[in-house]
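Below: the structure, in structure tokens.
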Amino acid sequence: MIEQLPPGLLMIVGALFVPLFRGRWQQLWMLLLPIASGLCLIHQSALAEPVFGIDFEFFTYQLLPVRIDRLSLVWGHIFHIAAFLSVIFSLHVKDPVQNVMALAYAGAAVGGVFAGDLITLFVYWELTAITSVFLVWAGRTERSYRAGMRYLIIQVGSGVVLLAGIILLVANGGSLIFDNLLDRDNLSGLAKTLFFIAFGIKAAFPLLHNWLQDAYPEATPTGAVWLSAFTTKMAIYALARGFAGAECLIWIGAAMTVFPIFYAVIENDLRRVLAYSLNNQLGFMVVGIGIGTDLSLNGTASHAFAHILYKGLLFMSMGAVLMRTGTAKGSELGGLYKSMPWTATFCIIGAASISAFPFFSGFVTKSLIMKAAADEHYFVVWLVLLFASAGVLHHSGIKIPFCTFFAHDSGKRVKEAPLHMLIAMGITAALCILIGIYPQPLYAILPFEMEYTVSDAYSRTHVITQYQLLIWAALAFTWLKRTGIEPPEQRSVNLDTDWFYRKLSPIVVESLSSTISQLSVATLNFAQSQLDHFLSLVRKLYGPKGVFARTWSTGDTVIWAAIMLGTYLLFYYQIVARLQLP
């Protein structure tokens with residue numbers, strides 16, 4: 001029975017029973033669901049190597065709703081770990097809608113990475129969109145409602161594009177099995193493009209990224225932790241499965257690593273800074289997928305694993321601060337290390353991990369992608385990634401903990417985060433350090449065999465180079481801060497490309513509507529005036545006193561009848577004469 005259970009389904013179905021429990025029993029049930037689901041996955045993964053699958057025929061279509069291999073297992077393991085840690089962090093939440101949707105969301109993401117066919121992937125793809133939006137709406141503000149609506153439209157739209165690609169694939173007689181889409185001979189260029197766009201929307205490609213910065217900061221303190229773990233990483237998996245080796249991804253990913261840096265530096269909302277930082281880290285993974293070698297794909301998988309942990313830790317720390325102070329604005333925070341020392345410590349660990357400090361998780365995962373870029377002679381891309389690494393230290397490694405817990409003293413004196421939040425942050429921080437010190441267990445579960453070892457990660461050259469980069473980046477931040485060049489933390493609105501559909505589009509639509517309305521009124525007025533003129537003419541001719549309404553005398557009538565008859569006879573004989581008819 002366990003062998004036939006699709007991964008993630010246990011969390012989806014089990015989430016529906018959450019409202020039946022109360023208090024401690026509800027918390028226990030929520031904790032057990034990701035544990036039970038994870039144990040089922042471990043059992044299934046041990047059944048066969050390298051691939052375990054469950055397939056069946058549905059309406060003449062051969063479906064593979066479960067495919068467990070080394071690539072999907074990396075995401076499956078970390079998704080279960082993230083779900084468990086997020087449940088611990090969210091134990092204080094009494095809102096049944098949040099609890100149900102959060103667990104169903106995690107289960108849908110797990111199901112998505114083990115989907116062996118495109119129909120199953122589409123079902124989970126849309127389910128993640130529908131469930132996750134409730135974590136944004138749970139903020140119960142006008143801003144969260146509007147952001148949630150935009151988020152839902154974009155996420156569901158991504159699914160519609162995916163479905164269009166599937167329809168084209170089926171129309172051309174292609175197989176629904178989800179594998180590398182670049183190698184499909186019977187897959188049209190349009191279908192490939194649709195798949196690429198669908199995955200790119202969810203992966204927050206440049207110009208398609210704004211839903212992330214729009215929605216995540218409006219979610220609840222716990223909702224943002226859940227959101228940071230699943231949606232975009234599910235898309236990264238889809239790209240790794242479907243478009244590994246697509247060279248355009250190298251340049252798209254390089255752009256993703258760079259452009260968020262400038263927004264993150266000037267942004268005041270620290271959860272929005274983390275959202276831009278999330279874009280930056282996704283870029284490293286996309287570059288690895290584009291390079292397409294075993295080493296680069298291992299780098300993408302390992303970096304996704306580590307990223308879910310340290311990004312979750314940073315969102316946890318900011319969520320705890322938001323819960324205690326009521327704000328996540330850098331201009332309104334500072335000096336909180338006095339009130340929340342444990343949260344500050346965990347935040348610094350997350351910042352060190354995302355900045356790739358030696359002995360932290362980011363150091364041993366990002367290096368795989370950097371080495372793959374160097375090995376394949378993408379020197380310009382390697383330099384871009386190096387610059388982006390320095391930028392990460394600036395906005396996430398320094399700005400987040402500095403503005404929140406140090407900097408100027410905001411005067412806020414609050415309680416430390418609740419115990420269950422500290423436990424969740426503590427476990428996550430411990431994993432970040434453990435992976436950094438001893439990455440071999442992570443390396444062992446990566447999709448492909450590789451010669452890159454812990455010794456390579458901690459080679460003298462790599463460690464010294466990384467410390468030089470970090471030291472110079474820290475000095476640059478200090479110099480910019482002391483000279484006043486660094487933008488101060490202040491209330492502001494930063495324009496991103498979402499301005500075009502959030503502000504410009506309504507203005508254009510309103511202008512067009514106004515113009516069309518004016519043209520409609522003018523057209524109706526003209527038509528009304530012409531109709532009035534016509535009716536006046538008709539009344540003049542045929543009205544009670546009109547020309548044709550008058551009574552004619554018998555003599556006049558006879559005269560006009562004779563004139564008309566004579567005219568007719570004249571024309572008739574003229575025609576007969578011309579035609580020479582007998």
> What's the angle, to the nearest 10 degrees (0 to 90), between helix 23-45's Cα axis and the longest principal axis of the chain?
Replying inline: 90
> Which of rounded, prolate, oblate describes the stretch 83-171, given a ≥ b ≥ c as roots of the alpha-carbon gyration tensor eigenvalues and a/c under 1.5 marking rounded, otherwise prolate only if a/b is larger than b/c?
Replying inline: oblate
>> Can you find, among A352, P418, Y458, the residue sitting farthest towards the positive end of the charge dipole of the stretch 244-490, where Lys and Arg contribute +1 and Asp and Glu -1 at Cβ?
In response: P418
> If you place +1 on the Cβ of every Lys and Arg, -1 on the Cβ of every Asp and Glu, and leave all else neutral, what size is the dipole of the chain about its Cα centre, to the nearest 20 Debye?
Replying inline: 2020
>> How big is the dipole moment of the stretch 498-548 about its Cα centre under a simple scheme where the beta carbon of each Lys and Arg is +1, that of each Asp and Glu is -1, and everything else is neutral? Debye, nearest 20, please.
In response: 280
> Using the alpha-carbon atoms, what tilt in degrees (0 to 90, nearest 10) does helix 189-202 show relative to the longest principal axis of the chain?
Replying inline: 60
>> Which of the three applies to the stretch 498-548, rounded, prolate or oblate, going by the alpha-carbon gyration tensor with a ≥ b ≥ c and a/c under 1.5 meaning rounded?
In response: prolate
> Can you tell which of H209, L190, T257 lies farthest toward the positive end of the dipole of the chain, using +1 and -1 charges on the Cβ of basic and acidic side chains (Lys, Arg; Asp, Glu)?
Replying inline: H209
>> Between the stretch 374-404 and the stretch 339-365, how far is it from one alpha carbon centroid to the other, in angstrom?
In response: 15
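Tell me the relative contact order for the chain as a rounded percent, counting alpha carbon contacts under 8 Å between residues six or more apart.
12
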> When the helix-only estimate is applied to the chain (DSSP H runs of n ≥ 4, each -39,500 (n - 2.57), divided by the residue count), what is the mean residue ellipticity at 222 nm, nearest 500 deg cm²/dmol?
Replying inline: -23000 deg cm²/dmol
> Given R₀ = 51 Å, FRET efficiency for A562-T515 by Cβ-Cβ distance, to 0.05?
Replying inline: 0.25
> Considering the dipole of the chain built from charges on the beta carbon (Lys and Arg +1, Asp and Glu -1) around the Cα centre, which of T60, P6, Q98 is farthest to its positive end?
Replying inline: Q98
> Against the longest alpha carbon principal axis of the chain, how many degrees, from 0 to 90 and to the nearest 10, is the axis of helix 70-89 turned?
Replying inline: 80
>> Give me the net charge for the shell around A246: Cβ to Cβ below 15 angstrom, other residues only, Lys and Arg +1, Asp and Glu -1.
In response: -1
> What shape does the stretch 244-490 have by the C-alpha gyration tensor, where a ≥ b ≥ c are the square roots of the eigenvalues, rounded means a/c under 1.5, and otherwise prolate means a/b greater than b/c and oblate the rest?
Replying inline: prolate
> Dipole size in debye (nearest 20) for the stretch 145-239 around its Cα centre, Lys and Arg Cβ +1, Asp and Glu Cβ -1?
Replying inline: 160
> Just one of (1) 76, 28, 21; (2) 63, 31, 26; (3) 38, 31, 22 is semi-axes √(5λ) of the Cα gyration tensor in Å as worked out from the coordinates here. Which one is it?
Replying inline: (2)
> Cross-link partners among aspartates and glutamates for K503, C-alpha distance below 17 Å, same-chain residues fewer than 8 apart left out?
Replying inline: E142, D214
>> Could you tell me the center-to-center distance, by alpha carbons, between the stretch 408-433 and the stretch 167-195 in angstrom?
In response: 47
> How about K412: which lysines have a C-alpha closer than 30 Å to its C-alpha, ignoring those fewer than 8 places off in the same chain?
Replying inline: K94, K311, K329, K338, K399, K481
> Can you give the FRET efficiency for A474 and L28, using 1/(1 + (r/R0)^6), R0 = 41 Å, r = Cβ-Cβ distance, to the nearest 0.05?
Replying inline: 0.40
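None of the figures in this text is laboratory data; all of them are computed from the coordinates on show. These numbers come from a predicted model, not from an experiment. A quick note on method: Cβ atoms are made from the backbone with ideal geometry, for glycine too, and the neighbour counts reach across all protein chains shown.
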